[in-house]
Amino acid sequence: MTDSFMPCCKRLFSRSLVGLLLLLGSLGGYAADITVRNPSLSPGDDGYTLSADFNINLNARLDEAIARGVTLYFVVDFELSRSRWYWLDEQVVSRSQTFQLSYHALTRQYRLSSGALHQSFTSLDDAQRILSRLRHWQVLDKGVVKADQTYLAAVRMRLDLTQMPKTFQVNALANRDWNLSSDWARWQFTPAESAASPAGGISTLTVAAADGR
C-alpha cells in the first residue's frame, strides 16, 4: 500500500507545483497601462498652468514591488511647440515633473511625494487616485507665448526606471511588465482662447514649486 501511495502523492505534489507556478507567472500577465484624459492649459497670475487626468492601471508585479518597499518614479512630461512652414517645428517649452510612490512598512502607509511636498494614504488605491489628478502645474511663464499664435501642446506620464537603484534597473529594463508609459496626448493651444478650468473641490496632487525643467 505504501508503494502505491508514494507515487500518488508525488503526482499530486507535481500538479500542485505546476499550478502554483502558472499562477505566479500570471501575476505579471495583466498589462499595465496609462492613458491621458482632459489635458488643458489655464491662464494664471504668472502664466499658464497644466491640468490633466490619468488612468493608471498597475499590474500585480508593480503592486508587489511597491508592497516590498520599492519606490516607483512617475514622470509627467510636457512639451509646447510651434509649427514653422519653412523649417522644423520650434520647441517652445519642455518640462518634466517627478512623483514618487512608495510604501512604508513601519507606518503601513503609502506615500506620494513631489519635491518637498508629500501626502500619506492608508491604501494604494487612494494614492493612485490622487496621482491620477494633476492640477495647476505652472508650465508656461508670462511672455513665453503670444496671443496671436497657435501652438501644439503635448503631455504624457511614464514610469521612469532610470531613477531606481542601478542593481534593480538591469532586471526591470529587460522585463516588459515594468514598461509603463502613456502615449502623448496632443492638442492645439491658442493663448487668447484659453479659459480657466476650476478643480471643483476634488482632492488633487499639488505640484511642488521647484519642478524639473
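The values are calculated or read from the model by the stated rules, or taken from the named source; none is laboratory data. Remember, it's a predicted structure, so these values are computed and weren't measured experimentally. Positions of Cβ are backbone-derived with ideal geometry, glycine not excepted, and every protein chain shown enters the neighbour counts.
Would you check which residues across segment 33-49 are buried (at least 20 other Cβ atoms within 10 Å of the Cβ) and either at pLDDT below 95 or more than 18 Å from the chain's Cα centre (by Cα) (or both) and list them? Answer for segment 33-49, where residues must be buried (at least 20 other Cβ atoms within 10 Å of the Cβ) and either at pLDDT below 95 or more than 18 Å from the chain's Cα centre (by Cα) (or both): Leu41, Tyr48, Thr49.
Here's the yes/no breakdown for (1) more than 14 Å from the chain's Cα centre (by Cα); (2) within 14 Å of Ile66 (Cβ to Cβ); (3) at pLDDT below 95:
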residue	(1), (2), (3)
Tyr110	yes, yes, no
Ser114	no, no, yes
His118	yes, no, yes
Leu124	no, yes, no
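Restricting attention to segment 79-101 and to residues that are closer than 30 Å to Ile66 by Cα and over 13 Å from the mean Cα position of the chain (by Cα), the residue that is surrounded by the fewest Cβ atoms within 10 Å (Cβ to Cβ) turns out to be Ser94. Within the span defined as segment 120-129, one or more residues are free of Cβ contacts under 8 Å to residues at least 60 places away in the same chain and either closer than 30 Å to Ser83 by Cβ or among the acidic types (Asp, Glu) (or both). Taking segment 144-174 as the range and being farther than 20 Å from Phe99 by Cα and in contact (Cβ under 8 Å) with a residue 24 or more places away in the chain as the test, the residues that pass are Val144, Val145, Lys146, Ala147, Asp148, Gln149, Thr150, Tyr151, Leu152, Ala153.
Listed here are the residues, each with its yes/no results for (1) of a type in the set (Val, Ile, Thr); (2) in contact with a helix residue (DSSP H, G or I) (Cβ under 8 Å, 6 or more places away or on another chain); (3) in a strand (DSSP E or B); (4) at pLDDT below 95.
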{"position": "Ala31", "(1), (2), (3), (4)": "no, no, no, yes"}
{"position": "Ser51", "(1), (2), (3), (4)": "no, no, yes, no"}
{"position": "Asn55", "(1), (2), (3), (4)": "no, no, yes, no"}
{"position": "Ala65", "(1), (2), (3), (4)": "no, no, no, yes"}
{"position": "Phe74", "(1), (2), (3), (4)": "no, yes, yes, no"}
{"position": "Ser81", "(1), (2), (3), (4)": "no, no, yes, no"}
{"position": "Tyr86", "(1), (2), (3), (4)": "no, no, no, yes"}
